[in-house]
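The values are calculated or read from the model by the stated rules, or taken from the named source; none is laboratory data. Everything numeric here is computed off the predicted structure, so don't read it as measured data. Glycine gets a Cβ as well: all are built from the backbone with ideal geometry, and neighbour counts include every protein chain shown. SASA here: full protein model, heavy atoms, side chains in, ligands and nucleic acids out. Shrake-Rupley method; radii C 1.70, N 1.55, O 1.52, S 1.80 Å.
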Amino acid sequence: MKTNNTEQLTLKNLKALPISRGSVILNKEKFIQILVEISILQDLTSLKNRIIALKDIITNQKNDKEGILNIDVNGDTVSLRRDVLTSELNQILESQTLERAKYYLNRLKVSIQKVKTNKINDINLLRWKEHDEIITDSLWILDKRDTSGAHLGWYWGNFIPQIPHQMMLRYTKKGEWVLDTFVGSGTTLIECRRLGRNGIGIELNQEVAQKAKELIEKEQNEYNVVSEVIVGDSRTINIKQILNKYGMDKVQLLIMHPPYHDIIKFSKDERDLSNAKNTEEFLKMFGAVVDNATSYLEKGRYFALIIGDKYSKGEWIPLGFYCMNEVLKRGYLLKSIIVKNFEETRGKRNQKELWRYRALVGGFYIFKHEYIMLFKKRGK
Ligand SMILES: C[S@@+](CC[C@H](N)C(=O)[O-])C[C@H]1O[C@@H](n2cnc3c(N)ncnc32)[C@H](O)[C@@H]1O
């Protein structure tokens, strides 16, 4: 039997090994069986020795006398993030008492045996540490846009794909339905395809919608989901009819990324929110879109509004908060206000010095952020 010293040394050596962020695929039945066997042990040293051996197998993929790496075609497997599993095993090794070690061991066992998700996403809460791509803070500093696949970022006034990506992971399950009422270049729908969500997008500008459709089709449709872009005015379009076509009457996530009033003029069409004559009219038009879409959002589900403020005639116009109020007036529950950094557009970058000078003279701050406002539809 190994002495305590040897154990310390081995533990140290193993900890020094580089941890790959990949996944390990294990024979589920064997792995659980071993965890049960270890949890029956009655002294801490023996328990830790078995964990050290287990960690060795997982880290080095050899000395697998236990057979946990034997993947039987007909057997159940479990795929675990190597770094998370290693840290869980380390936690057991660092336990000072047998009771604590068994507690962590049991937690690991349960997280492999069971999947616990809530009603609105596929996040396995028992293995929540493996979901570190999901942002949970309200301040997002994202310096790189995802330009992979069909995400070309060609459309002036689009949002970065990470926004719908995060929203869908957090607020939808695979196979559910997402409605974007200002779909523009189709960012949301491209992301829908990647994540296996059905997506309906509405866009006023025919040309933009056509280009969006072509781009979306370039994205693989691995999960065979619906991606439909419809040309129309989101204030009045018949959403019921669109959904009924697919035998649906509700969506599970609503995304709205309206024009930030007239900061970018998207068209000359008077139905376009960017052509609203003033802030009041803009808010009225925005409210009409919310009214038109709300009945088709399932109760208890989320609505993500992406909006920025504007600066006009020496005054900061808090468009974001005005729009938030429009939504709240309609009975939604406010869940979060996320502040996200603004990507610098090429034009702005060249004028950086000029803007700094203007800000110093004019007594204002330069916009560097926009909002993602999250609402929940009340009821169950
Ligand atoms: C801020 S952009 C959305 C960009 C989109 N998130 C993307 O990533 O490409 C706003 C879009 O709303 C569209 N729009 C404006 N008024 C509309 C209306 N009444 N109905 C539908 N779409 C409208 C504009 O043509 C523009 O493409």
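Observations on the structure shown:
- Positive end of the dipole of the chain (Cβ unit charges, origin at the Cα centre): among 151, 357, 323, the Cα lying farthest that way belongs to 323.
- A Cβ-based charge dipole, computed about the Cα centre of the chain with Lys and Arg at +1 and Asp and Glu at -1, lands at about 700 debye.
- Unit charges at the beta carbon, dipole of segment 18-79: most positive-side option, 39, 51, 22: 22
- If you run the Gaussian network model on the chain, springs between alpha carbon atoms under 10 Å, then out of 258, 161, 318 the most flexible one is 318.
- For segment 232-342: rounded, prolate or oblate by the Cα gyration tensor [a/c cutoff 1.5]: oblate
- The overall shape of segment 143-203 is oblate: from the C-alpha gyration tensor, with semi-axes ordered a ≥ b ≥ c, the ratio a/c is 1.5 or greater and a/b is no larger than b/c.
- Residue 114 contributes an accessible area of around 120 Å² to the protein surface, as traced by a 1.4 Å probe with all chains present.
- If you count Lys pairs in segment 126-265 whose Cα atoms are under 19 Å apart, skipping same-chain pairs closer than 8 places in sequence, the total is 6.
- Relative to the dominant Cα principal axis of the chain, helix 28-40 is inclined by about 60°.
- Sequence-distant aspartates and glutamates (8 or more away, or on other chains) whose Cα lies within less than 16 Å of residue 116: 130
- The chain, accessible surface, carbon-and-sulfur percent (1.4 angstrom probe): 50
- Gaussian network model of the chain, springs between alpha carbon atoms under 10 Å - residue of 354, 273, 125 with greatest fluctuation: 354
- Principal-axis tilt of helix 44-60 within the chain, Cα atoms, nearest 10 degrees: 60
- Placing pseudo-labels 7 Å out from each Cα toward the beta carbon at residue 210 and residue 270 gives an inter-label distance of 2.5 nm.
- J(HN,Hα) series, segment 314-330, from Karplus relation 6.51 cos²θ - 1.76 cosθ + 1.60, nearest Hz, glycine and proline x: x, 9, 6, 9, x, 3, x, 6, 4, 5, 4, 4, 4, 5, 5, 4, 8
- Accessible area (Å², per residue) of segment 35-82, counting only protein heavy atoms and a probe of 1.4 Å: 52
- Annotation: per residue accessible area for segment 130-224 equals 45 Å², rounded to a whole number [probe 1.4 Å, protein chains only].
- FRET efficiency for residue 351 and residue 147, using Cβ-Cβ distance with R0 set to 22 Å, rounded to 0.05: 0.40
- Estimated purely from DSSP H runs of n ≥ 4, each contributing -39500 (n - 2.57), the mean residue ellipticity at 222 nm for the chain is -12500 deg cm²/dmol once divided by its residues.
- Full-extension gain in nm, residue 134 to residue 116, via 0.36 nm per residue minus C-alpha separation: 4.8 nm
- Paramagnetic label reach from residue 366 (point 7 Å along Cα→Cβ; backbone nitrogen cut-off under 20 Å): within segment 258-282, residues 263-264.
- Residue-level accessible surface for residue 223, protein heavy atoms, 1.4 Å, Å²: 90
- Selection from 220, 274, 78 lying farthest towards where the dipole of the chain points positive, charges on Cβ: 78
- The residues of segment 230-380 present an accessible area of 54 Å² per residue when probed at 1.4 Å with all protein chains retained.
- Taking a point 7 Å out from the Cα of residue 124 in the direction of its Cβ, the residues of segment 58-86 whose backbone N falls within less than 15 Å of it are 76-86.
- Label point 7 Å beyond Cα of residue 337 along Cβ direction - residues of segment 115-135 with amide nitrogen under 15 Å: none
- Rounded to the nearest 20 debye, the dipole magnitude of segment 72-194 is 340 debye, with +1 charges on Lys and Arg beta carbons, -1 on Asp and Glu beta carbons, and the Cα centre as origin.
- Gaussian network model of the chain, Cα within-10 Å springs - most flexible of 140, 128, 355: 355
- Taking the C-alpha atoms only, the angle from helix 206-218 to the longest principal axis of the chain is near 20 degrees.
- Each of residue 263 and residue 222 was given a label point 7 Å from its Cα along the Cα-to-Cβ line. The distance between the two points is 3.3 nm.
- Karplus (6.51, -1.76, 1.60) ³J(HN,Hα), θ = phi - 60°, over segment 233-243, in Hz, Gly and Pro reported as x: 9, 5, 6, 10, 4, 7, 5, 4, 4, 4, 5
- Available extension along the chain between residue 96 and residue 313 is 71.6 nm, counting 0.36 nm per residue and deducting the alpha carbon span.
- Distance between the 7 Å Cα→Cβ label points at residue 325 and residue 39: 5.5 nm.
- Note on residue 173: accessible area is roughly 50 Å² with a 1.4 Å probe, heavy atoms of protein only.
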